[in-house]
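I have placed the structure first, in the form of structure tokens, so that the comments after it can refer back to it.
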Amino acid sequence: MATIKYTKEHEWVRVEGDIGTVGITDHAQQQLGDLVFIELPAIGKKVAQGDEAAVIESVKAASEVYAPIGGEVVEVNAALGDDPAKVNADAMGGGWFFKIRIANPKELDALLDEASYQDLVGESH
Amino acid sequence: MSAPAVTITGHRGLQHEEPLIFERDSPGMTGVDLPEPAPVNDRLGGLGRQGRIGLPGLSEPEVVRHYLRLSQKNYAIDAGMYPLGSCTMKHNPRLNEKMARLPGFAGVHPLQPVSTVQGALELIGATGHWLSVLTGMPAVAMSPAAGAHGELTGLMIIRAALEDRGDARKRVLVPESAHGTNPASAAACGYVVESIPANERGRVDLGALKAALGPDVAAFMLTNPNTCGLFESDIIEIAQAVHAAGAFFYCDGANFNAIVGRVRPADLGIDCMHINLHKTFSTPHGGGGPGSGPVVLSAALAPYAPVPYVVSDKNGFRLVESVEESDAKPFGRIKGFHGQVGMFVRALAYMMSLGSDGLRQVAEDAVLNANYLLASLKDTLSVPFEGPCMHEALFDDRFLKDTGVSTLDFAKAMIDEGFHPMTMYFPLVVHGALLMEPTETESKATLDTFIAMVRGLAERAKGGDADYFHGAPRLTPRRRLDETAAARNPILRWSPPAN
């Protein structure tokens, strides 16, 4: 059973073994509006937890996507380059950004679980 | 709301539907009658162009009408109120334009011998002197070509000063309410940018700032008044903390219009500030003319200002053009030639015509007008931070909660009412921001019309007429644009239709 964890910056990471799949939350895509451009990290790039890992641009704003967990990028969702709308349509599924080989699973403890994340987005607006 | 009238021509009254100039092409049509060129023996070896080069053929009246019709679709400060927050869209006095068109200024060329441009050099020096006196800062770099260019210049000066003392630093701190250009300029200058949160009063969180300061911080960049339209009331303590950490205190002078003539930034402990001549000093914005962003400097930073700069001695005025001939330590050059001299003419005309008392009244009236908006709208819209405000009034979108109307929809409806919308979704520290800056040049009558319009729209939104807002604007040459399609599939170039 995969675990999903969240950041306060509205990224999610789904952990299966030592691989984490990363995306932005449904709340994030709603707030951003239609995405028009996504810059994904290079495969093989090593990131620390909290590092900038991707850049997204919507009709409203440009923002960074931070690595919810440190490690090495092993796969990216190249389809997003041609069709950023996938993130608006299915942020938690087909709109994933990249997969990362997790360097230190203990870092997951610093992230929010589903209930805490829902509290966070519930109270901000 | 009835649908816009459908006409035979597609024109709407005296507003013409105007195609691209290339679509008006009548091959062979021309506005000038030139003699046939004499035959030449070209040496292109058969590589000369065979077909048309594709310039459209039009007569002179067709060209004149084309561009006049396009200009009629434009909205400008000369056409009406333009309350774009943080942009200071004030009237550009015609006297400025008259001065800039004097032949001695309009015809001047940057490569003319210095002996023939003594007046222009004196003017650069005089404009800089006014800026020095108004800010209390001893030096000014005149060449930056825009506000963000001034930010970059200021940061490069700070970097040169730090490196000169053997203390290169890595980080620049920027409040989260800052103009986006601040972190961008710091990043372009090679610094790591760190965001400082706002407190519940919409000001910089002093505790968070102090915690983030350290021996690797090069500068703290603050806008004062900030983009919430609020004066940073802790600024003296902020300056002390920044200086205690060995960092420089950069001020974004975009909002100088609120304090010009009343507050000297030097007295607040600021080391470096750019001034947008196209905001506070009434030179044209954007498409109306080049920007200009002189940077005023404290004594500690003055030696590092870029070349060229104007000096005077008994022989008159001259330019110090290179690092080698300077007796200071300029970091180099930031722009070709000497800055936007045409803008200096306009800014100096503005400063001299208003005088120091007039400039003081500019700030007072700008703040008064913004507070009139705030006071007149605060019970209708929602106010995130307690007033009074400075030169601009910030609202958030709580008043639209559960109406189905967004800040964007609200702004689009304002266009049908004949107003340029306010700044929206900025600053980022409040949700669905509406940032209104009336400036001092709007009359009470105009403000009252604007206020009545905003109140009327807000009541309409709260009354449940969301469809009205979703359908706006209705009276513009084009309705709501598909921003998503435009960004995802931009068509950047006209192509002739396939035959």
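Quick notes on this structure:
- Size of charge dipole - chain B - debye, nearest 20, with Cβ of Lys, Arg +1 and Asp, Glu -1, no other charges: 720 debye
- Net lengthening on full extension, B:SER59/B:HIS91 (0.36 nm per residue, minus Cα-Cα): 8.0 nm
- Efficiency of FRET between B:ILE21 and A:MET92 - r from beta-carbon atoms, R0 60 angstrom, step 0.05: 0.80
- Exposure proxy ranking, count of Cβ atoms within 10 Å, fewest first, for B:HIS11, B:HIS179, A:HIS27, B:HIS109: B:HIS109, B:HIS11, A:HIS27, B:HIS179
- Residues whose amide H falls under 5 Å from that of B:ALA139, counting only those 5 or more places apart or on a different chain, are B:LEU297, with hydrogens built in the peptide plane.
- Here region B:94-351 carries DSSP beta bridges of which approximately 40% are antiparallel, counting only pairs with both residues inside.
- Take the Cα of B:GLU200, step 7 Å toward its Cβ, do the same at B:LEU68, and the gap between the two points is 6.1 nm.
- Sequence-ordered 3J(HN,Hα) estimates for region A:5-22 from the Karplus curve with 6.51, -1.76 and 1.60 and θ = phi - 60° stand at 10, 10, 10, 5, 8, 6, 9, 10, 9, 9, 9, 10, x, 9, 9, x, 9, 10 Hz, glycine and proline given as x.
- Rounded Å value of the spacing that divides the Cα centres of region B:39-53 and region B:229-249: 66 Å
- Förster radius 51 Å - calculated FRET efficiency between A:GLU72 and B:ARG398 (Cβ-Cβ, nearest 0.05): 0.70
- Taking each residue as 0.36 nm, the span from B:ARG478 to B:TRP494 lengthens on full extension beyond its C-alpha to C-alpha distance by 3.9 nm.
- When B:VAL310, B:VAL114, B:VAL40 are sorted by how many other C-beta atoms sit within 10 angstrom of their C-beta, beginning with the fewest, the order is B:VAL40, B:VAL114, B:VAL310.
- Rounded to 5, the percent of DSSP beta bridges in the protein assembly as shown classed as antiparallel: 75 percent
- Placed amide H near A:VAL36: partners under 5 Å, 5+ positions off or other chain: A:GLU57, A:SER58, A:VAL59
- Taking B:ILE236, B:ILE259 and counting other C-beta atoms within 10 Å, the order from fewest to most: B:ILE236, B:ILE259
- Which listed pairs, of A:LYS8/A:LYS46; B:LYS378/B:LYS401; B:LYS90/B:LYS279; B:LYS401/B:LYS462; B:LYS170/B:LYS335; B:LYS378/B:LYS412, have C-alpha distances above 18 Å, in listed order: A:LYS8/A:LYS46; B:LYS170/B:LYS335; B:LYS378/B:LYS412
- Residue-span extension gain [B:VAL323 to B:SER115] - 0.36 nm each, minus C-alpha spacing: 72.7 nm
- Loop-located GluC sites (Glu not before Pro) in region B:324-386 (DSSP state not H, G, I, E or B) with no more than 15 neighbouring Cβ atoms inside 10 Å: B:GLU324, B:GLU325, B:GLU386.
A short reminder: the numbers here are calculations on the coordinates, not readings from a lab. Remember, it's a predicted structure, so these values are computed and weren't measured experimentally. Cβ atoms come from the backbone with ideal geometry, glycine included; neighbour counts cover every protein chain shown.
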